[in-house]
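Accompanying notes for the structure given below.
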Amino acid sequence: MLRNDKKFFLLQILLLICYLTLAQENEEVELDDSKEEDQPPNIIFILADDLGFNDVSFHGSSQIFTPNIDALAYSGVILNRYYVNPICTPSRSALMTGKYPIHTGMQHTVLFGAEPRGLPLNEKLLPEYLKPLGYSNHIVGKWHLGSYKKVYLPLMRGFESHVGPWTGHHDYFDHSAMETGMWGLDMRRGYDVAYDLHGKYTTDVITDESVNIINNHNKSQPLFLYIAHTAVHSSNPYSPLPAPDETVAKIKNIEDYNRRKFAAIVHHLDESVGAVVKSLADNHMLHNSIIIFSSDNGGPAENFNLNAASNYPLRGVKNTLWEGGVRAAGLIWSPLISEHARVSNQLMQVADWLPTLYRAAGGDLSTITTKLDGIDLWDELSQQTSADSKRKEILHNIDNIWGSSAVMVNDWKLVVGTNYNGQWDGWYGPPGNRDPLDYNFKELLTCKAGRAIDRMGMMPKPNDILKLRSEATISCSDDPPNECNPLKTPCLYNVLKDPCEKNNLFDTYPNIAKALFVRLEDFNSSTLPPGNLPIDERGNPKNFNYVWTNFGDYI
């Protein structure tokens with residue numbers, strides 16, 4: 001304990017020097033943060049792809065340091081019980097529609113580039129809600145909600161510009177995508193093939209395009225910028241974890257080479273977040289912005305999808321209904337949040353962002369005539385209230401093709417069936433160094449996001465940061481699990497007390513299990529059939545000069 005006290009004392013001295021240096025530098029910066037009267041806030045939604053719960057350092061691991069993301073987390077609200085869907089397309093559909101995937105037919109696996117479908121056209125998307133409020137809407141990065149025909153693409157669904165891939169993944173350098181036995185280029189600028197971006201690292205392309213949009217934004221309008229990274233999704237089998245060699249070479253603390261390359265990919269993602277925050281500050285937009293950072297699903301750990309993410313200590317991986325598959329790294333940051341620098345343990349699901357952000361933007365929720373599954377949580381997020389969250393339950397998913405489903409009501413979670421025949425139902429690392437004092441405060445304060453936030457006076461003190469980091473770190477017992485095989489019998493967990501899902505309580509609390517079964521059956525009664533369709537050979541990129549395209553417009 002004495003050793004830790006000395007370590008903390010030295011950290012305090014170092015931080016005092018950093019603060020004094022930054023204060024002197026910031027005195028020389030003239031800030032013009034005069035905001036337009038009654039101007040709705042800018043909304044910047046940063047979506048990481050396949051980032052694990054343990055792949056950001058604000059959740060307790062020091063193996064991969066994410067200072068820019070952490071700066072937002074510690075000065076904003078860390079969403080510690082924030083849930084998404086278990087895989088890409090379902091989560092993105094929930095974000096854009098405010099509906100569970102079972103209510104849009106998007107609940108089973110992902111959309112493929114040669115599949116003749118898209119997110120149903122009768123669904124109104126988030127940018128289409130924001131546009132009447134005066135917003136200028138832009139997407140940079142991955143779409144993955146259908147490219148069969150132009151009508152399914154971003155420019156026809158409320159966005160004014162798009163640079164990025166249409167399908168689910170691609171190589172970060174050559175921008176080609178291999179899937180369903182097909183191969184082709186997948187990088188677009190609007191409808192045009194972006195041949196000029198060949199060889200440019202995708203994360204850096206997304207960063208540059210995002211910064212360019214901010215720099216050229218007409219500030220008389222509020223901005224909605226959806227930054228949908230391809231990082232840290234694995235690439236094609238010939239190079240599953242593409243990262244610049246010079247970045248990989250700088251990482252000395254990780255022995256496993258795949259994990260080291262993964263950390264390099266995360267580094268560029270974190271730098272991108274910093275560049276966006278700095279650009280908002282430089283353009284005097286940060287003071288009236290809401291920034292959300294979220295992963296779209298849990299991390300693919302230990303070579304799942306040829307990847308090296310970590311959800312430690314949570315159970316499961318991407319595309320499973322365990323906490324490691326659906327509990328996401330997430331935060332919200334804004335000067336408009338009256339009670340910031342805190343950890344929220346209120347339930348939240350990715351579908352909640354549509355009504356929450358629409359309300360924050362000044363929209364009247366009573367004018368939304370379609371039934372949403374998302375709930376407006378703006379009051380709970382922007383104020384630290386003693387009242388319970390309006391979100392009491394979460395449907396994680398119902399997949400009647402694979403026979404898996406899970407629902408959570410308050411603290412209780414019922415898991416029925418599983419995916420991959422139970423092959424990915426365990427606990428996967430690496431945990432990384434979880435010493436709470438092993439943290440680079442100097443880099444936190446001197447990174448781009450840290451500097452911008454500190455100039456606004458929103459960065460908490462070091463001891464408060466350590467407290468937040470401790471509150472956002474999940475620890476579980478080393479006791480052996482009370483095994484449950486959901487392929488044979490359902491499993492019941494109190495995830496508030498047992499977030500690692502080790503202690504099956506199905507036999508101990510049969511009445512609770514029965515009540516959750518009833519709720520799951522209620523959801524199932526409203527389920528639409530999955531919209532998945534067979535792969536159409538006419539969509540093969542070889543038919544279009546080896547480019548993934550909107551093939552339905554040409555047949």
Q: List the pair-distance distribution P(r) of the range 200-355, using every Cα-Cα distance, as the percent of pairs falling in each 10 Å bin from 0 up to the bin containing the longest distance, rounded to whole percents.
A: 9, 32, 35, 21, 3, 0
Q. In terms of Cα to Cα distance under 29 Å, which lysines are near enough to Lys502, apart from those fewer than 8 places away along the same chain?
A. Lys318, Lys390, Lys392, Lys413, Lys467, Lys488, Lys514
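Summarise the accessible area of the chain (1.4 Å probe, protein heavy atoms) by the percent that is carbon and sulfur. Intermediate results must be reported in sequence, preceding the final value.
Details: 10760 of 21210 Å².
Result for the chain: 51 percent of the exposed heavy-atom area is carbon or sulfur.
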(Q) I'd like the distance separating the alpha-carbon centroids of the range 221-266 and the range 463-496, in whole Å. (A) 27 Å
Q | Cut-off under 5 Å, modelled amide H: who pairs with Gly190 long-range | A | His162, Val163, Gly164
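So what's the convex hull volume per residue for the Cα atoms of the range 306-384, in Å³? Walk me through the intermediate numbers first.
Details: hull volume 10.9 nm³, N = 79.
Normalising the Cα hull of the range 306-384 by residue number yields 138 Å³.
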(Q) Under the 0.36 nm per residue contour assumption, what length would be gained going from the current alpha-carbon distance of Leu496 and Lys250 to full extension? (A) 84.7 nm
**Q.** For the range 341-383 and the range 143-168, distance of Cα centres in Å
**A.** 25 Å
Q. What ³J(HN,Hα) values, in whole Hz, does the Karplus curve 6.51 cos²θ - 1.76 cosθ + 1.60 give for the range 503-508 when θ = phi - 60°, with x put for Gly and Pro?
A. 10, 6, 10, 4, 7, 7
Q: Report ³J(HN,Hα) in whole Hz for each residue of the range 295-302, in order, from the Karplus equation J = 6.51 cos²θ - 1.76 cosθ + 1.60 where θ = phi - 60°; Gly and Pro get x.
A: 8, 7, 6, x, x, x, 8, 6
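Per residue, how much space in cubic angstrom lies within the convex hull of the C-alpha atoms of the range 395-520? Walk me through the intermediate numbers first.
Details: hull volume 21.8 nm³, N = 126.
Given the Cα convex hull of the range 395-520, per-residue volume reads 173 Å³.
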Q. Given R₀ = 30 Å, FRET efficiency for Asn440-Tyr554 by Cβ-Cβ distance, to 0.05?
A. 0.05
Q. In nm, to one decimal, how far is the Ala515 label point from the Asp379 one, both placed 7 Å along Cα→Cβ?
A. 2.4 nm
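What do the square roots of 5 times the Cα gyration tensor eigenvalues come to for the chain, in whole Å, largest first, as semi-axes of the equivalent ellipsoid? Walk me through the numbers on the way to the answer.
Working: eigenvalues 207, 176, 120 Å².
That gives 32, 30, 24 Å for the three semi-axes.
Ignoring the sites themselves, what is the longest stretch of the chain with no GluC sites (Glu not before Pro) in a DSSP loop and at most 12 other beta-carbon atoms within 10 Å?
Details: sites that count: Glu28, Glu30, Glu36, Glu37, Glu255, Glu339, Glu483.
Free of exposed loop sites, the longest segment is 38-254.
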Q.
Going by Cα centres, the range 538-555 and the range 54-123 are how many Å apart?
A. 28 Å
**Q.** ³J(HN,Hα), Karplus 6.51/-1.76/1.60, whole Hz, each residue of the range 514-524, x for Gly, Pro
**A.** 5, 5, 5, 4, 4, 5, 5, 5, 4, 4, 5
Q. Between Ser404 and residues 5 or more places away or on another chain, which pairs have amide H atoms under 5 Å apart, with H built 1.01 Å from N, and which residues are they?
A. Asp399
Q) Remind me, relative contact order of the range 157-232 in percent, using alpha carbon pairs under 8 angstrom and six or more residues apart? A) 27 percent
Q: Go ahead and run the numbers for FRET between Tyr420 and Asp464, Cβ-Cβ distance against an R0 of 25 Å, rounding to 0.05.
A: 0.05
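Hey, got the dipole for the chain? About the Cα centre, +1 on K and R Cβ, -1 on D and E Cβ, debye to the nearest 20?
About 620 debye.
With only Lys, Arg, Asp and Glu charged, each at its Cβ (+1 for the first two, -1 for the last two), find how big the charge dipole of the range 250-328 is about the Cα centre; round to the nearest 20 debye.
Numbers: 9 positive and 8 negative charges, 33 e Å.
Result for the range 250-328 is approximately 160 debye, rounded to the nearest 20.
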Q. To one decimal place, what orientation-averaged projected area in nm² is obtained for the convex hull of the Cα set of the range 293-438?
A. 11.2 nm²
(Q) Largest first and in whole Å, what are the equivalent-ellipsoid semi-axes of the range 182-288 based on the Cα gyration tensor, each being the root of 5 times an eigenvalue? (A) 28, 20, 10
Q) Over the range 491-533, how many percent of alpha carbon pairs lie in each 10 Å bin up to the one with the longest distance? A) 26, 35, 26, 13, 0
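Per 0.36 nm of contour for each residue apart, how much would the distance between Asp479 and Leu155 grow if the chain were fully extended, relative to their Cα-Cα spacing?
Numbers: separation 324, 0.36 × 324 = 116.64 nm, distance 5.22 nm.
Between Asp479 and Leu155, full extension yields an extra 111.4 nm.
The values are calculated or read from the model by the stated rules, or taken from the named source; none is laboratory data. None of these values were measured; they are calculated from a predicted model. Heads up, the Cβs are rebuilt from the backbone with ideal geometry, glycines too, and the neighbour counts pull from every protein chain shown. Each accessible area value is taken on the protein alone, full model and side chains, heavy atoms only, with ligands, DNA and RNA left out. Shrake-Rupley method; radii C 1.70, N 1.55, O 1.52, S 1.80 Å.
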